[in-house]
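The values are calculated or read from the model by the stated rules, or taken from the named source; none is laboratory data. Everything quoted here is computed from the prediction, not taken from an experiment. As a convention, Cβ positions derive from the backbone with ideal geometry for all residues, glycine included, and neighbour counts pool all protein chains shown. All accessible areas refer to the heavy atoms of the entire protein, side chains included, with ligands and DNA or RNA removed. Shrake-Rupley method; radii C 1.70, N 1.55, O 1.52, S 1.80 Å.
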Amino acid sequence: MSVHQSSESNQSQNIKKPKSKPMTSRQLVLMILLITLPINLIHSPSDIVLFGRQHAYLCILIVYLVVIFSIWLLSRTQRRFGEKNIFQAMIIRFPVIGRMVVVLYILYYFFILTRDARIMSDYVDTTLLARTPIMVILFSIFIMSGYIIRGGMKSIVGMAEIFIPIMVLVILTLPFFVSGELDFHYLKPFFPVDIKRVAEGSWYYFSFAGEAVILPFILGKASFNMKAAMKGVSFSLLLCVMHVIMMILILGLPIIPRLTYPSFELVRQVQISDFLDRFDMFLAATMLPTHMTKIAFDIYVVCYGIGSLTKNMSGRMMQGPVILLAYVCAFWFFKDSVQVFNFDREWVLITLFFIFVMPVLIFLFVRPTKKKKKKKSEKTLGHTAGSASGT
């Protein structure tokens, strides 16, 4: 019996667990749209239109260049360590300092989690459930996000593949429904550009546009592709610019800065017929799963960072405590959505540190040791020698 049991144990050890499939380029583009679009469309337009006026789209272009540069630096850093992501590379290369940097990013994204949840709960309270207590709304959002995150990154990608195309379709078809109400007078004067006000508008837009930088930290080389990342960020830029221009042409420059959620007011202008007079309710309910998936992704980043600190700690087991702590901190950090708007100016300084300064420092200092470089060179030389002998 012991011999039989030992043979079975040896066979079980020889059986390899199936590896998770890497993320495709299309899925990476959808993930970048999931990270950048939902909160940007809800929260940021009023700030950038307040300062950029008719040139608010230029604010988005400036931030786009910085985000692309940071992602390029991180992708170049990721190539130095093979299949490992940047969290793993930093911990391997600098065990103490690397873990400190990971903890900083965990705290940074935990604050983003509480901010997104607070914005989402107030948005639902304003648009869909005006009589429901906001504590119940936020609790329901976290419960649904918790069910999404139970499947890991696969379930997040699956939800993005379902609901992100719906959001993109809504943004692209919206001009056809409101084409009769466009007023191009709000885009004049077109050529004189106030650079100072455009720079102030881009300053506020930094708070929400650079969150896609986190992807090289949690995805390996097989899943993260620089070309697909550029496509995703560029497509997100195009949709945001299109959305802001539509708001300017329909709602007008004097009204947008006074609205808390100008995107919802833009959708309310859609009147297909008398039967679909409240088409905005359908669109708001359609966008709700997208925002929940974004919150689930925030939870995943925090739990993944915690699990990467040590092998004795499981990120999957930390999902419940992280959700409960985020639920409490969402009310502790922000009393209402007005405080979120007021904190945007100071939050940009923190965001620039994690989006621009840290990627530059990681690119300069996080490099493999000389021994690993020698091993890689020896492998490449051996491979070339073997191929030459074979020929």
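Of note:
- The stretch 130-185, residues that are open to solvent by 20 Å² or more (accessible area, probe 1.4 Å), at pLDDT below 80 and either within 30 Å of Phe217 (Cα to Cα) or not in a helix (DSSP H, G or I) (or both): Leu182, Asp183
- Restricting the stretch 186-197 to residues that are of a type in the set (A, V, I, L, M, F, W, C) and part of a helix (DSSP H, G or I) leaves a set whose member that is surrounded by the fewest Cβ atoms within 10 Å (Cβ to Cβ) is Ile195.
- Some residue of the stretch 61-75 being free of Cβ contacts under 8 Å to residues at least 60 places away in the same chain, open to solvent by 10 Å² or more (accessible area, probe 1.4 Å) and of a type in the set (A, V, I, L, M): yes
- Criterion violated by Leu33 - all others in (1) under 24 Å from Tyr204 (Cβ atoms); (2) outside any helix (DSSP H, G or I) satisfied: (2)
- Qualifying residue in the stretch 93-112 (condition: in a helix (DSSP H, G or I), in contact with a Phe, Trp or Tyr (Cβ under 6 Å, 6 or more places away or on another chain) and among the aliphatic types (A, V, I, L, M)): yes
- Considering each residue of the stretch 35-52 in turn, at least one proves to be of a type in the set (Gly, Ala, Ser) and touching a Gly at 6+ places or on another chain (Cβ under 6 Å).
- Subset of the stretch 82-92 (residues that are in contact with a Phe, Trp or Tyr (Cβ under 8 Å, 6 or more places away or on another chain), outside any loop (DSSP other than H, G, I, E, B) and over 14 Å from Met358 (Cβ atoms)): Gln88, Ile92
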